[in-house]
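Single-structure report; data block below.
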Amino acid sequence: MKQLICIYCEGNDTKLAVIEKESEGRKPSVLKTASVSLIKSSAQMEENVSGFRIEGETLDVEGLEESTSIKSDLDTSSISEISSALKGFNLAKYSFIPALTEPAIYYHVFEGARAPKPQKLKQEIIHDILESKNISVDKESIDYIELSDKALLSVFVTGDVRCVDLVNSLARQRGKRSLKIPTIKSADVSLAYYVAKRKKFFPDDHSLIVYIGKEYSKLIFLQGRRLKHIGTTLDIGTQNLHTYDVYFSKILLEMENGGISSLDNIVVCGEDDSENLILSFYGTFPEANVSRLEFDDVDLSALDEETREKFSMFSVPVAIATDYFDELNKEHQGLHILPKSIKEDQKAFQFSWHSYAILPLLFIAAFFITQQVLKNNDDMKELDNEIAQKTILLRQNQEILSRIANIEGKISSFDQTQAILDSATAGAGVWKNVISKVSDFCGKNNNLWVSKLSSNDGRAVATEGYSLSRGTLTDFASSIENALLKSMTYEELREKSAYKFNLNFNTSNQQNQNE
């Protein structure tokens, strides 16, 4: 589906039509129309534009660049009225086609030698405009078509385009940076193409299209089905017209300027296509076939009855849509004007030429950086896995170390226990040896017995006992190494004479002796 919003900026009057075409072979449908009077701000109304005028074939461009460089400052109520007319439409899906007429668009007839290549020819036309009118034109802002007499009619714009500013204002009110504008059309050229397509003119017929607006009117001449001459914009319309006679004098003047001797057909359209107007043309040009422009090639069922009856006022928006649709279908080659600044404004990313030159480097850098990041991510994953494995191993080692510490504690305590046992074993051996000696001596000598063995420090041993023989005590003391008989007293023991003794010795001496 092709969706268009065609806007015709005619002075302070703006006409728009929402047109859709679903498929080939079906009529385009007009879904909505609106006519809005644009109100300039007080600052804009005070601008001096007196330096611009058209006089016949002469264009006085004094002050042209200054006046056209002033950006339109439209009243917000006018933009709101247009936005309200387009309420319910998703403007992002539509292409906006602005149509311009003089003085917003300029015409120049080129009759010089033609270069074989279109771009070279366009450059020659630009050079001719610069020499003849002292206007510098960008190649994106100009296009041309061939007239019936084989001359080339070039169409161009300079500075800011007020109709485009209107679309941009509408976009900002809808909260968008810009809306899609694929091209800018000449209202006069598109209307001439549409009328030639709708009417079956003979090749030698001279036909006139009279478009009557609210403030301005246009006279467009055809020879056969090709454009012959575009008359200057007439500053008369339905708002300031008192008699139709003024049109006739202007028509005769433009016929003389265009080299047209007579008229075979007259087609009226615009704000006024009444019977009175048609009868007036019949009276002045009785040999011409005077008719209205019909619109049976478009579907108007979505419009109300009043709009359908006055649909001729939207002749230009319909002509623009037909021109654009036929271009898309390769049925003809029309004009294409789209200044570079408008193209740049519609780009999502606005770059200069050196920015485009560096874009491949940015993509290459982004590719390598992405590769490096992915590689680093893989390395990080491997390191994370290794860290996890090392962490598990560390925990296992810590468990083993704790077990080893427990075992070491047990081994250390075992050594202490073993030392105690060894020392106890060594002491036990000494005592065994001492007791064995005492026991052996007492066994051999029945007249001596030991009543007490005591030790305070484990080494010095005090022995007490009794003996019936004094000599036996001497022998007993001699049998123990370094024994000292401290006392020997005489006592009666069960009616017998006995000797009580105290004998001391050291077990360390006994140990050394034993070893």
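Identify the residues of the stretch 159-178 with backbone N under 20 Å of a label point that sits 7 angstrom from the Cα of S83 along the Cα-to-Cβ direction, or state none.
162-178
Would you mind working out the magnitude of the charge dipole of the chain relative to its Cα centre, with +1 at each Lys and Arg C-beta and -1 at each Asp and Glu C-beta, to the nearest 20 Debye? List each step's numbers first, then the result.
Values: 58 positive and 74 negative charges, 784 e Å.
About 3760 debye.
How much length would be gained if the chain were fully extended between F202 and A113, taking 0.36 nm per residue of separation minus their Cα-Cα distance, in nm to one decimal?
Numbers: separation 89, 0.36 × 89 = 32.04 nm, distance 2.96 nm.
My answer for the length gained is 29.1 nm.
With the dipole of the stretch 2-350 worked out from charges on the C-beta (+1 for Lys and Arg, -1 for Asp and Glu) around the Cα centre, which of P203, F248, A288 lies farthest toward the positive end?
Checked the options; the winner is P203.
Distance in nm between label sites at K150 and S23, each 7 Å beyond Cα in the beta-carbon direction?
A separation of 4.5 nm, rounded to one decimal place.
Treating only the Cβ atoms of Lys and Arg (+1) and Asp and Glu (-1) as charged, compute the dipole magnitude of the stretch 71-151 about its Cα centre; round to the nearest 20 debye.
On the way: 10 positive and 13 negative charges, 80 e Å.
Here the stretch 71-151 has a charge dipole of around 380 debye.
Which value at 222 nm does the chain reach when only helices count, each DSSP H run of 4 or more adding -39,500 (n - 2.57), with the total divided by all residues and rounded to the nearest 500 deg cm²/dmol? If you can, show how the numbers build up before the last one.
On the way: 14 runs with 219 residues, N = 515.
Helices in the chain give a 222 nm mean residue ellipticity of -14000 deg cm²/dmol.
Compute the whole-percent fraction of alpha carbon pairs in the stretch 198-290 spaced more than 21 Å apart.
24 percent
Please report how far the C-alpha centroid of the stretch 256-324 lies from that of the stretch 76-110, rounded to the nearest whole angstrom.
Result: 22 Å between the Cα centres.
If you wrap the stretch 253-331's Cα atoms in a convex hull and average its projection over all directions, what's the area in nm²? Let's see the in-between values first.
Details: hull surface 29.1 nm².
Mean projected area of the Cα convex hull: 7.3 nm².
Report, in degrees rounded to the nearest 10, the 0 to 90 angle that the Cα long axis of helix 187-198 makes with the longest principal axis of the chain.
Its long axis makes an angle of about 70 degrees.
In the chain, if the dipole is taken from +1 on Lys/Arg beta carbons and -1 on Asp/Glu beta carbons about the Cα centre, which of L468, F441, I230 is farthest to the positive end?
Positive-most Cα among the choices belongs to L468.
List H242, H332, H206 from most exposed to least, where exposure is judged by having the fewest other Cβ atoms within 10 Å.
Working: H242 7, H332 11, H206 23.
Listing H242, H332, H206 from fewest to most nearby Cβ atoms yields H242, H332, H206.
Of the beta bridges DSSP finds with both residues in the stretch 199-284, what % are antiparallel, to the nearest 5?
On the way: 12 of 18 bridges.
For the stretch 199-284, the DSSP antiparallel bridge percentage is about 65.
Sequence gap at least 6, Cα distance under 8 Å: using those rules, report the relative contact order of the stretch 2-350 to the nearest whole percent. All intermediate terms of the calculation are to be shown ahead of the outcome.
On the way: 613 pairs, mean separation 69.1, N = 349.
The normalised contact order for the stretch 2-350 reaches 20 percent.
Out of residues 5 or more away from V290 or on other chains, whose amide H comes under 5 Å of its own, with H placed 1.01 Å from N in the peptide plane?
The answer is I266.
Which FRET efficiency value, to the nearest 0.05, is calculated for S454 and Q416 with the Förster distance at 35 angstrom and r the Cβ-Cβ distance?
Numbers: r = 28 Å, r/R0 = 0.81.
That pair, S454 with Q416, gives E of 0.80.
Roughly what angle does helix 162-173 make with the longest principal axis of the chain, taking Cα atoms, 0 to 90 degrees, to the nearest 10?
The angle comes out at about 40 degrees.
Would you mind checking the tilt of helix 76-85 against the longest principal axis of the Cα atoms of the chain, expressed as 0 to 90 degrees and rounded to 10?
90 degrees
Going 7 Å from the Cα of K496 along its beta-carbon direction, which residues of the stretch 446-472 have the amide nitrogen within less than 11 Å of the resulting point?
Only 446-449, 467-469 fall inside the zone, counting backbone N under 11 Å.
If r is the Cβ-Cβ distance from Q333 to A92 and R0 is 25 Å, what FRET efficiency results, to the nearest 0.05? Don't jump to the answer; show the numbers that get you there.
On the way: r = 29 Å, r/R0 = 1.15.
Result of the calculation: an efficiency of 0.30.
Which whole-angstrom value gives the distance between the alpha carbon centres of the stretch 365-411 and the stretch 164-186?
61 Å
May I have the convex hull volume per residue, in Å³, for the Cα set of the chain? Please list the in-between numbers first.
Values: hull volume 190.2 nm³, N = 515.
Hull volume over Cα atoms, normalised by residue count, gives 369 Å³.
Please give the contour-minus-distance gain from A462 to S274: 0.36 nm per residue of separation, less the Cα-Cα distance, rounded to one decimal in nm. Let's see the in-between values first.
Working: separation 188, 0.36 × 188 = 67.68 nm, distance 16.02 nm.
Extending this stretch completely gives an extra 51.7 nm.
What is the fewest-to-most order of K15, K185 by other Cβ atoms lying within 10 Å of their Cβ?
Details: K15 24, K185 30.
Starting with the residue having the fewest Cβ neighbours, the order is K15, K185.
Would you please name the GluC sites (Glu not before Pro) within the stretch 93-174 that are DSSP coil residues with at most 11 other C-beta atoms within 10 Å of their C-beta?
On the way: sites: E111, E124, E131, E140, E146; in loops: E111.
Counting only loop positions with at most 11 other Cβ atoms within 10 Å, the GluC sites (Glu not before Pro) in the stretch 93-174 are E111.
Could you pull out every one of the lysines with an alpha carbon less than 23 Å from that of K214, ignoring same-chain neighbours closer than 8 positions?
Output for K214: K15, K32, K40, K185, K250, K310.
Counting only DSSP beta bridges with both residues in the stretch 2-350, what percent are antiparallel, rounded to the nearest 5? Display every interim value, and only then the final one.
Details: 44 of 62 bridges.
The antiparallel proportion sits near 70 percent.
Can you give the relative contact order of the stretch 249-406 as a percent, counting alpha carbon pairs under 8 Å and 6+ residues apart?
Details: 56 pairs, mean separation 23.4, N = 158.
Result for the stretch 249-406 is 15 percent.
What distance in nm separates the simple spin-label points at F368 and K2, each placed 7 Å from Cα in the Cβ direction?
According to this spin-label approximation, the distance is 4.8 nm.
Every read-out reported here was derived from the displayed coordinates using simple, explicitly stated rules and does not represent laboratory data. The structure presented is a predicted model; accordingly, all values stated were derived computationally and were not measured. Quick reminder, even Gly has a Cβ in these numbers, built from the backbone with ideal geometry, and neighbours come from all protein chains shown.
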